[in-house]
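This report concerns only the one structure given below.
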Amino acid sequence: MREELLTQLEDWHEEDEFQRIAEAIEEIPAEEQDYELISQLGRAYSNLERYEDAITQFLRIEEEGQEDPLWHYRIGLAYYYAERYDEAEQAFREADRLEPGDEDTLEFLEWIEQEREASAEPDLDEEEAEPAEQAVTAGAPSFRTYQPAAALDLEKDPLSFWNDDAPAAELYRLDTPSEELIASVEEELVFKLPESYVSMMKLHNGGAPRNRFYPVEAAPGQAIEITGILGIGREKKHSLCGSFGSRHIIEQGGYPEVGVVIGQGPSGYDCIMLDYRETGNDGEPAVIHVDRGHGYAVTKLAESFADFINRWARG
């Protein structure tokens, strides 16, 4: 049965039926998806231009893929098209080490160098603007039409906010943070985290939301897609102080230095941030969406993290 499925997946790949590949694998429970199926799902997401979703899948099998040049090549490709060039270069160089001389791998390494050279050249035709000074923008092109989800009763069941069966869940979820860990993370970030966020993380420390779409109040019928919430810690890459955490996202993506990244979408071109500009470190930060793909447009989502979560739960 499995061999028949793999054959069918390859046939669909040859026919460019990438959505059918994704749907077929998504129907299989996450715990039953093995290395090959997850790799096929990541490849399908890349071909559908869902690069951050592809990266999420490949990272599920990161340990198994360390000696597989194809795994490094495929995640490198996803990183490249997500414009995460440092990670792409690292992946392609590892693929080249394991399988020297592959023409496609060497071509991507050359393209990365060309991208860096191009980005280093000033564009005199465009007006420069500081990302932090961008006006609040509603109806940005990255917003999506969505169907409102069923409301969640977080007072009755606060854990209903999370979907632990989602493929991305284990990339984000950590053990319950200790008071010492919370203090050290705040010290490293140089920001005091909102009590509402800390309380939520003590119950469930990061993960994938059950409702992936956050409705934008200023744009009725439109929503932002959020695939993961960063938890308090360092152990996992996708945690506040992890190797792919808040500082990494801000520095690599050129996001405004206004606070802390707490959420990510599937595109790799936007993030959810705690914004301390108006309140300072002693106040309650607002929650904003920053769209790197559209000039770092900033949209205020809520006045506080508590308000942000409550609005999200209402669907």
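The values are calculated or read from the model by the stated rules, or taken from the named source; none is laboratory data. It should be emphasised that the depicted structure is a prediction, and the values quoted were computed from it without experimental measurement. We place every Cβ from the backbone using ideal geometry, glycine too, and count neighbours over all the protein chains shown. Heads up: the accessible areas ignore ligands, DNA and RNA and are worked out on the full protein's heavy atoms, side chains in. Shrake-Rupley method; radii C 1.70, N 1.55, O 1.52, S 1.80 Å.
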Cβ-Cβ under 6 Å pairs, at least 6 apart or on other chains, the range 258-280 side of a type in the set (Ser, Thr, Tyr), far side modelled with pLDDT under 85 and open to solvent by 20 Å² or more (accessible area, probe 1.4 Å): Tyr269/Arg292; Tyr269/Gly293
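Answer with yes or no whether Gly233 is over 16 Å from His289 (Cβ atoms) and open to solvent by less than 20 Å² (accessible area, probe 1.4 Å).
Considered against the rule, which asks whether it is over 16 Å from His289 (Cβ atoms) and open to solvent by less than 20 Å² (accessible area, probe 1.4 Å), Gly233 comes out as yes.
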Given (1) closer than 25 Å to Glu179 by Cβ; (2) open to solvent by 30 Å² or more (accessible area, probe 1.4 Å), index of the condition Gly263 fails: (2)
Hey, Glu170 in a loop (DSSP other than H, G, I, E, B) and open to solvent by 50 Å² or more (accessible area, probe 1.4 Å) or not: no
Residue match in the range 203-218 (condition: open to solvent by less than 50 Å² (accessible area, probe 1.4 Å), at pLDDT 95 or above and over 13 Å from the mean Cα position of the chain (by Cα)): yes
Restricting the range 47-79 to residues that are outside any loop (DSSP other than H, G, I, E, B) and β-branched (Val, Ile, Thr), the residue that is most open to solvent (accessible area, probe 1.4 Å): Thr56
Of all residues making up the range 173-197, the number that are surrounded by fewer than 14 Cβ atoms within 10 Å (Cβ to Cβ), part of a helix (DSSP H, G or I) and not charged (D, E, K, R): 1
Residue satisfying condition, being within 16 Å of the chain's Cα centre (by Cα) and either closer than 14 Å to Ile55 by Cα or among the charged types (D, E, K, R) (or both), within set Arg97, Arg84: Arg84
